[in-house]
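I have placed the structure first, in the form of structure tokens, so that the comments after it can refer back to it.
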Amino acid sequence: MVRVSQATAFCLQALPGLVSAHGYLKSITANGQNYLAWQVGQDDYLDPPPARYARKLANNGPVPDFTTEDITCGAGGNEPAGGTIELKAGDTVTLNWDQWGSSHSGPVMNYIAHCPNDDCQSFKGNTGNAWVKISERGYEPSEQTPWASDLLRELGARWRVTIPPTLAPGEYLLRHEILGLHVAGDRMGAQFYPSCTQIRVTAGGSTKLPEGVALPGAYDPDDTEGILVELWRINSGQVEYVVPGGPVWSEAAPDPNR
């Protein structure tokens with residue numbers, strides 16, 4: 001009989017999770033300062049929980065069901081973060097992932113939602129058309145690295161986002177998301193990895209956000225242009241890919257990752 005030590009047993013139990021590990025937003029860099037997001041696998045065990053700047057995530061995997069409220073800010077309960085990052089309209093922030101693998105090709109999308117009464121502590125963003133897309137990058141066959149998420153990997157698991165330069169002061173949720181399409185040929189196979197960072201815009205513009213899209217609601221499991229798609233058919237040029245979630249706001253800044 002082969003005897004397995006407790007340490008070995010633990011490693012074997014953990015192996016499936018390691019094999020399927022994907023990635024999560026680890027920190028946000030703004031104006032030379034680094035702000036920690038929720039630290040998956042660590043912060044759950046700290047009492048009291050630390051004041052992070054992005055909302056809690058349950059794990060580093062995709063949202064289990066993107067038609068539910070988990071799609072809003074990730075499957076972590078959408079609890080308000082303890083900290084808020086102060087920015088000016090027009091500032092560029094860098095969103096730093098702990099890791100990102102090469103097989104999960106797909107688009108990168110960024111949205112913003114205004115917290116009513118400038119109070120993100122009581123705002124979840126899971127009802128109404130609150131989310132305005134401020135940047136997207138999908139599949140660009142003329143580029144050396146066509147897929148946005150593959151470019152994110154090559155940039156060191158980082159992605160830059162510019163706060164719209166005309167945006168009015170106030171408190172907002174900045175929603176950053178990768179969509180992995182490697183198994184999206186099966187219905188509900190598309191893998192969304194959203195996160196929500198709490199920001200306060202202090203100056204710079206005067207424009208209020210227009211009506212956006214609802215999350216949940218904007219992602220249709222039967223969307224054959226952006227969600228229910230086969231990655232190989234896009235890569236081979238058989239079909240044109242359309243990033244889901246509606247158009248980018250006309251007041252948004254150019255994508256700084258280009």
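List the number of the failed condition for Thr224; all other conditions in (1) touching a Leu at 6+ places or on another chain (Cβ under 7 Å); (2) in a loop (DSSP other than H, G, I, E, B); (3) polar (S, T, N, Q) hold.
Tallying (1) touching a Leu at 6+ places or on another chain (Cβ under 7 Å); (2) in a loop (DSSP other than H, G, I, E, B); (3) polar (S, T, N, Q), Thr224 fails exactly one: (1).
If you go through the stretch 116-172 one residue at a time, how many are in a strand (DSSP E or B), under 21 Å from Pro256 (Cβ atoms) and of a type outside the set (Phe, Trp, Tyr)?
The total comes to 11.
Being of a type in the set (A, V, I, L, M) and over 23 Å from Cys73 (Cβ atoms) is the filter; apply it to the stretch 210-247 and report the residue that is farthest from the chain's Cα centre (by Cα).
Of everything passing the filter in the stretch 210-247, Val239 is farthest from the chain's Cα centre (by Cα).
Within the stretch 68-106, can you find the residues that are touching a His at 6+ places or on another chain (Cβ under 9 Å) and buried (at least 21 other Cβ atoms within 10 Å of the Cβ)?
Within the stretch 68-106, Leu95, Trp100, His104, Ser105, Gly106 qualify.
Can you name the residue in the stretch 107-134 that is in contact with a strand residue (DSSP E or B) (Cβ under 7 Å, 6 or more places away or on another chain) and on the phi > 0 side of the Ramachandran plot and, of all such residues, is surrounded by the most Cβ atoms within 10 Å (Cβ to Cβ)?
Filtering the stretch 107-134 for residues that are in contact with a strand residue (DSSP E or B) (Cβ under 7 Å, 6 or more places away or on another chain) and on the phi > 0 side of the Ramachandran plot, the one surrounded by the most Cβ atoms within 10 Å (Cβ to Cβ) comes out as Gly125.
If I filter the stretch 34-56 for residues that are among the polar types (S, T, N, Q), in a helix (DSSP H, G or I) and over 24 Å from Arg258 (Cβ atoms), do I get at least one hit?
No, the conditions are met nowhere in the stretch 34-56.
With respect to Tyr193, is the statement that it is aromatic (Phe, Trp, Tyr) and part of a strand (DSSP E or B) true?
Considered against the rule, which asks whether it is aromatic (Phe, Trp, Tyr) and part of a strand (DSSP E or B), Tyr193 comes out as yes.
So, Gly106, is that one touching a Gly at 6+ places or on another chain (Cβ under 6 Å) and within 22 Å of Gln238 (Cα to Cα) or not?
Considered against the rule, which asks whether it is touching a Gly at 6+ places or on another chain (Cβ under 6 Å) and within 22 Å of Gln238 (Cα to Cα), Gly106 comes out as yes.
As an exercise: evaluate Ser250 against (1) within 20 Å of the chain's Cα centre (by Cα); (2) at pLDDT 95 or above; (3) assigned to a loop (DSSP other than H, G, I, E, B) and give the number of the one condition it does not meet.
Among (1) within 20 Å of the chain's Cα centre (by Cα); (2) at pLDDT 95 or above; (3) assigned to a loop (DSSP other than H, G, I, E, B), the lone unmet condition for Ser250 is (1).
Any idea which of Gly83, Gly125, Gly138 is touching a Gly at 6+ places or on another chain (Cβ under 9 Å), in contact (Cβ under 8 Å) with a residue 60 or more places away in the chain and of a type in the set (Gly, Ala, Ser)?
Exactly one of Gly83, Gly125, Gly138 is touching a Gly at 6+ places or on another chain (Cβ under 9 Å), in contact (Cβ under 8 Å) with a residue 60 or more places away in the chain and of a type in the set (Gly, Ala, Ser), namely Gly138.
The values are calculated or read from the model by the stated rules, or taken from the named source; none is laboratory data. In this text the structure is predicted, and so the values were computed from the model without any measurement. Cβ atoms come from the backbone with ideal geometry, glycine included; neighbour counts cover every protein chain shown.
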